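Notes for the one structure printed next.
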Amino acid sequence: MHNKGLTADASSVFQIKIDSTGQSFPCFAGQTVLQALTDGGVFMEANCGGRGTCGKCRLQVLQGKVADPQGLSAVARQEGVYLACQIYPSENLTVAFQEKEASAKGSVSVNFEDDGNPLLKKVVVTPEYPTVENHYSLQEMIGHALKMSGFPAHIPDSPHLIRQLAAAASPGSGPITIVLACGEIIALEPGDSSGSLYGVAFDIGTTTVVGMLVDVRYRSVIATHSRTNPQAAFGADVISRIDAASRADGLEAQAGAVRQCLNQIVRSLCISADISARHIYAAAIAGNSTMEHLLLKVAPVSLTLKPYAAAFRHMAPFPPAEIDLEINPGGKILLLPNIASFIGADTTAAVLATDQDILNSHTLMVDLGTNGEMVLGNRHKLFACSAAAGPAFEGAHIKSGMRASAGAIEDVTISDDVYIRVIGPGKAAGICGSGLVKAASCLLKKGILSASGRFDQNLARTLSPRLAERLRRQDNQWEFVLVPGKDSANGVDIVLTQADVRQLQLVKSAICTGVEFLLEKVCPSKDMPVYLAGAFGNYIDIESALGIGLLPGLRPEQVRPVGNAAGIGAVRALLSREQLARCGHISEKIEYVELAAQPQFQSRFLANLSFPEVSL
């Protein structure tokens, strides 16, 4: 994402001030405004990875001058408005822009069952302190106390634990709290701190990062916070980010961005629950393969080179310092295992959450987010595939697209005119994935879109006047106006273009084709439950999804939204050693189906681009 343009001499450092918050960030020589804001932890959407083609990173320069990549005075798109990825400060700047909200990824169950095998535990002991007559070390004292309490943990023998023991045992009397993770002592604390035992579970998605604070004593999620993944400044999809990671400092920058995001979430969770981060003793992390590689600062380039192998599948628990996570320094990071290629730990966690690995009957799980993963099977055999769905469901590559946040059109009805519903109060600012699917379904039913995905301009003569004037030719393509500029939040028409429809067709065909190939692997019953997971899957209108052919041959009553399944699975793994072990078994048990290698994949994909025929 780094451009080569310079704005002044190589030693120049300018300050960029955000008008709404008063925050200021340095912009070093050779950095675009977008890069400087990203380094400062401020998110701006840049689906094209900073190439200046998507037009999403618009901001207004209120004070100061900017240059283009050639070092010349930059030309504004409209009054004071520029693309942040294409400008460099020539002096200190004050800028204004709309920060994007993180979209919700669905609910996470509040309470979880106790299987009697906790991953985290606190044991309070009142040890017999050594005396002159009965002399022994504090280390031996704790070993004896553990033995008397019936906990077969190793006696602390590392320098940092001995330092904690020496501090906790002073002045030589009183209880000591021993913190265990996976049966290993990870901390010793003075007094009785058993009332504070927390963990955090993360679902690191390509678009959204969700953190869930868990009170381990009560096995409940007590706070949730989500943020837009700041790596979106490097591109909307995983391929863009892998490409960005291969460039100078790209891997370091993306790792730093997501680590900073995790710490911001931890701080927000601690404020919400009024706890200290030192009482968070473990973090379970579920992310797709690319996200886990970038988090660990492991080059993900092998994912894009045949045979598309990940650098790792399993990772032993490791200390928080390895990813700069600001929880108890003696804590454990539990990076859930990947499955294969682009099917990552988020799918592992989703399978755990839906119990697909232990059910006798067949189930299909479809996770619809920026990426599309599907798993079909039962306790005896599971098959999984990944579809290159792309980020259209998150609003990327759609002209008026946006995430499912305030101002996004989430529902569309077309009768004599167009009627919309937006998320939150206020006017429409764009359209999110659920609105996109609903709009396409409605246009198909009206015949305004044909099964081939083309706008039928000849139909305009038979439409009501209000609808007819919405179908127009603009910029050499047909488009349908959902909201005219006079009624939108930003004064710009919100439209569905022919190119947008093509993007939707590519996504729906990828998912549909993947499901078809999985269905051929087994013979499920016609009433097989279908779990729809993920940010987009949680809010989609089922009838509309079936109406555009997203899920082939299924009936509405089969489909069950399951919320943030990856997040639920991560919480389960955090709470139970048995559930964590199941994650490993799931990862090894699932048979990966490489769609591109399947016979007739290309012909199937092309055939599935068409929408189902609709009787008018």
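So the values come out like this:
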{"quantity": "Candidate set: the stretch 168-211, residues that are in a strand (DSSP E or B) and of a type in the set (D, E); chosen: the one farthest from the chain's Cα centre (by Cα)", "calculated": "E189"}
{"quantity": "Residue in the stretch 195-208 that is farther than 30 Å from T347 by Cβ, surrounded by fewer than 20 Cβ atoms within 10 Å (Cβ to Cβ) and touching a Ser or Thr at 6+ places or on another chain (Cβ under 8 Å) present", "calculated": "yes"}
{"quantity": "Boolean, G377 is in the same structural domain as R582 (by TED's automatic domain parsing) and either out of contact with any strand residue (DSSP E or B) (no Cβ under 7 Å at 6 or more places or on another chain) or of a type in the set (S, T, N, Q) (or both)", "calculated": "no"}
{"quantity": "Residues of the stretch 117-144 classified as outside any loop (DSSP other than H, G, I, E, B) and either surrounded by fewer than 17 Cβ atoms within 10 Å (Cβ to Cβ) or in contact with a Phe, Trp or Tyr (Cβ under 7 Å, 6 or more places away or on another chain) (or both), total", "calculated": "7"}
{"quantity": "Tally, over the stretch 24-41, of residues that are closer than 14 Å to T228 by Cα and surrounded by fewer than 20 Cβ atoms within 10 Å (Cβ to Cβ)", "calculated": "1"}
{"quantity": "From the options L251, L325, residue that is assigned to a loop (DSSP other than H, G, I, E, B), buried (at least 17 other Cβ atoms within 10 Å of the Cβ) and on the phi < 0 side of the Ramachandran plot", "calculated": "L325"}
{"quantity": "Residue in the stretch 412-428 that is basic (K, R) and under 19 Å from F480 (Cβ atoms) present", "calculated": "yes"}
{"quantity": "Some residue of the stretch 349-371 being modelled with pLDDT of 95 or more, assigned to a strand (DSSP E or B) and charged (D, E, K, R)", "calculated": "no"}
{"quantity": "Flag if Q264 is in the same structural domain as R219 (by TED's automatic domain parsing), closer than 19 Å to P300 by Cβ and touching a Lys or Arg at 6+ places or on another chain (Cβ under 7 Å)", "calculated": "no"}
{"quantity": "Meets criteria (in contact (Cβ under 8 Å) with a residue 40 or more places away in the chain, outside the structural domain of L443 (by TED's automatic domain parsing) and on the phi < 0 side of the Ramachandran plot) for I586", "calculated": "yes"}
{"quantity": "Selection status of D487, in contact with a strand residue (DSSP E or B) (Cβ under 9 Å, 6 or more places away or on another chain) and within 30 Å of Q602 (Cα to Cα)", "calculated": "no"}
{"quantity": "Hits in the stretch 456-494 (condition: part of a loop (DSSP other than H, G, I, E, B) and either under 30 Å from Q78 (Cβ atoms) or among the small types (G, A, S) (or both))", "calculated": "S464, E469, R470, D475, N476, P484, A489, N490, G491, V492, D493"}
{"quantity": "In the stretch 480-534, residue farthest from the chain's Cα centre (by Cα) [restricted to those that are within 26 Å of G424 (Cα to Cα) and among the charged types (D, E, K, R)]", "calculated": "K486"}
{"quantity": "In the stretch 424-451, residue surrounded by the most Cβ atoms within 10 Å (Cβ to Cβ) [restricted to those that are polar (S, T, N, Q) and closer than 13 Å to L504 by Cβ]", "calculated": "S434"}
{"quantity": "Every pair of residues 6+ apart whose Cβ atoms lie under 9 Å, when the first sits in the stretch 452-472 and is modelled with pLDDT under 85 while the second is surrounded by fewer than 16 Cβ atoms within 10 Å (Cβ to Cβ) and acidic (D, E)", "calculated": "A460/E469"}
{"quantity": "Those helices (runs of 4 or more DSSP H) lying entirely in the stretch 558-616 with at least 2 residues polar (S, T, N, Q) and within 16 Å of D203 (Cα to Cα)", "calculated": "none"}
{"quantity": "Index of the failed condition, R227 passing every other in (1) within 12 Å of the chain's Cα centre (by Cα); (2) at pLDDT below 95; (3) farther than 18 Å from A573 by Cα; (4) crowded, with 22+ Cβ neighbours inside 10 Å", "calculated": "(4)"}
{"quantity": "Pairs where the first residue, in the stretch 298-318, is in a strand (DSSP E or B) and the second is β-branched (V, I, T), C-beta under 8 Å, 6+ apart", "calculated": "F318/I333"}
{"quantity": "Residue under evaluation S386, criteria (1) crowded, with 24+ Cβ neighbours inside 10 Å; (2) closer than 16 Å to V530 by Cα; (3) hydroxyl-bearing (S, T, Y), criterion not met", "calculated": "(2)"}
{"quantity": "Any hit, the stretch 541-557, residues being at negative phi, modelled with pLDDT under 95 and within 16 Å of the chain's Cα centre (by Cα)", "calculated": "no"}
{"quantity": "Count of residues meeting criterion [part of a loop (DSSP other than H, G, I, E, B) and under 17 Å from M374 (Cα atoms)] in the stretch 523-539", "calculated": "5"}
{"quantity": "Residue list for the stretch 328-347, filter: small (G, A, S), assigned to a loop (DSSP other than H, G, I, E, B) and crowded, with 24+ Cβ neighbours inside 10 Å", "calculated": "G331, G344"}
{"quantity": "Scan of the stretch 372-401 for residues that are part of a loop (DSSP other than H, G, I, E, B) and hydrophobic (A, V, I, L, M, F, W, C), ordered by number", "calculated": "A388, A389, A396, I398"}
{"quantity": "Any hit, the stretch 540-555, residues being within 30 Å of Y281 (Cβ to Cβ) and part of a loop (DSSP other than H, G, I, E, B)", "calculated": "no"}
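Table: residues versus (1) at pLDDT 90 or above; (2) surrounded by fewer than 19 Cβ atoms within 10 Å (Cβ to Cβ).
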site	(1), (2)
D115	no, yes
L146	no, no
T177	yes, no
P190	yes, yes
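The values are calculated or read from the model by the stated rules, or taken from the named source; none is laboratory data. If you're wondering where the values come from, they're calculated on a predicted model, not measured in any experiment. FYI the Cβ positions are ideal-geometry reconstructions off the backbone, even for glycines, and counts take in every protein chain you see.
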